[in-house]
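**Student:** Provided herewith is a single structure, encoded as structure tokens, for subsequent inquiry.
The values are calculated or read from the model by the stated rules, or taken from the named source; none is laboratory data. Note that the coordinates shown come from a computational prediction; the quantities given were computed from them, not determined experimentally. Cβ sites come from the backbone with ideal geometry, for glycine too, and all protein chains shown count toward neighbours.
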Amino acid sequence: MQDWNPQLYSRYEDERTRPARELLARVPLSNPSHVVDLGCGPGNSTELLVARFPNARVTGVDNSKAMLESAAKRLPGVDFVAADIKDWVPGSATDPAPDLIYANAALQWVGEHETLIPRLFNALAPGGVLAVQMPDNRAEPTHRNMRELAAESPYRQVIGDVSRLRTDLLGIQQYYDLLAREAAQVDVWHTVYQHPLESAAAIVEWVRSTGLKPFVDPLSDVLRAEFLASYEERIDTEYPVRSDGKRLLAFPRMFIVAQRPA
């Protein structure tokens, strides 16, 4: 997959940052020493962490060079580290374990959650918190239609098996079970946001910077243009015009906040 586009991602920054704020609001910490923003992207969520915990050392982690460069320009006083979440190991003999691992809209790109989630949780300092937010929109028309279109010719010959393009999430009860035995407390919840967008094209623009990337990145310029045109036609049908002329993009998200015993 091609590198991320911070400018495209940030066009809907207010909408994308809203769940990050709501996740952070449920973190039961007052004065952590070390906070890690895992999958920090362009730094919009990191900025929230710096404001909430001004005395903490905040570290942003991402595997996208473009996103890290954008985040560093935004927050020059923060340490940003290039690493893949699936391989990232926090702490060392000279670097104590983090008090907060905060992963907003990042872990849905990483597989093997049955081992990933407990590994991150166990990497925390005593009393530390793992806070996770993930889009849970695989069944929404935006994602169902990208899979269905990608399975058609000529796209399937280039894209391949669409089931391999995204990680399957666990159910929210399963995430609870992964953490509840070892945690002092676990808080899990779902929220379905309703984002009013100007047009079907705006919905396509939204998902093109995230969920649609693995589908369109392998395509040639010609096939990509054809795919996006066909996809927008389907989105236009799936998301009807509301009374104010806008379209409502339903966006389910899953939240997990788990704290280790002190």
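**Student:** Do we find a residue being in contact with a helix residue (DSSP H, G or I) (Cβ under 8 Å, 6 or more places away or on another chain), β-branched (V, I, T), assigned to a helix (DSSP H, G or I) and touching a residue at least 24 places away in the same chain (Cβ under 8 Å) anywhere in the range 232-247?
**Tutor:** Yes, the range 232-247 has at least one match.
**Student:** Being in a helix (DSSP H, G or I), modelled with pLDDT of 95 or more and among the charged types (D, E, K, R): is that true of E226 here?
**Tutor:** The answer is yes for E226.
**Student:** Being at pLDDT below 95, within 27 Å of L107 (Cα to Cα) and touching a Leu at 6+ places or on another chain (Cβ under 9 Å) narrows it down to one residue among V186, V158; which is it? Please lay out each step first, then the result.
**Tutor:** On the way: V186 fails: at pLDDT below 95.
Residue meeting the stated conditions: V158.
**Student:** Of all residues being of a type in the set (G, A, S) and in contact with a Phe, Trp or Tyr (Cβ under 7 Å, 6 or more places away or on another chain) in the range 196-254, which is farthest from M134 (Cα to Cα)? Just the residue, please.
**Tutor:** Among residues in the range 196-254 that are of a type in the set (G, A, S) and in contact with a Phe, Trp or Tyr (Cβ under 7 Å, 6 or more places away or on another chain), the one farthest from M134 (Cα to Cα) is A200.
**Student:** Given the criterion closer than 20 Å to L197 by Cβ and surrounded by 20 or more Cβ atoms within 10 Å (Cβ to Cβ), identify the matching residue among R260, R253.
**Tutor:** After ruling out the rest, the residue left standing is R253.
**Student:** Against the definition (more than 17 Å from F255 (Cα to Cα), among the hydrophobic types (A, V, I, L, M, F, W, C) and surrounded by 15 or more Cβ atoms within 10 Å (Cβ to Cβ)), how does A229 come out, yes or no?
**Tutor:** In short, no.
**Student:** Give the residues of the range 39-57 that are over 14 Å from the mean Cα position of the chain (by Cα) and touching a residue at least 24 places away in the same chain (Cβ under 8 Å), sorted by residue number.
**Tutor:** Just the residues of the range 39-57 that are over 14 Å from the mean Cα position of the chain (by Cα), to begin with: 47-57.
E47, L48, L49, V50, R52, F53, N55, A56, R57, listed by residue number.
**Student:** Name the single residue, out of those in the range 23-54 being of a type in the set (S, T, N, Q) and touching a Ser or Thr at 6+ places or on another chain (Cβ under 8 Å), that is farthest from V188 (Cα to Cα). Please lay out each step first, then the result.
**Tutor:** Quick first cut of the range 23-54, residues of a type in the set (S, T, N, Q) only: 30-31, 33, 44-46.
Subset that is touching a Ser or Thr at 6+ places or on another chain (Cβ under 8 Å): 44-45.
Values: N44: 23, S45: 20 Å.
Out of the qualifying residues, it is N44.
**Student:** Please state which of the following conditions A83 fails to meet, knowing it meets all the rest: (1) within 30 Å of R164 (Cβ to Cβ); (2) crowded, with 24+ Cβ neighbours inside 10 Å; (3) among the hydrophobic types (A, V, I, L, M, F, W, C).
**Tutor:** Among (1) within 30 Å of R164 (Cβ to Cβ); (2) crowded, with 24+ Cβ neighbours inside 10 Å; (3) among the hydrophobic types (A, V, I, L, M, F, W, C), A83 violates only (2).
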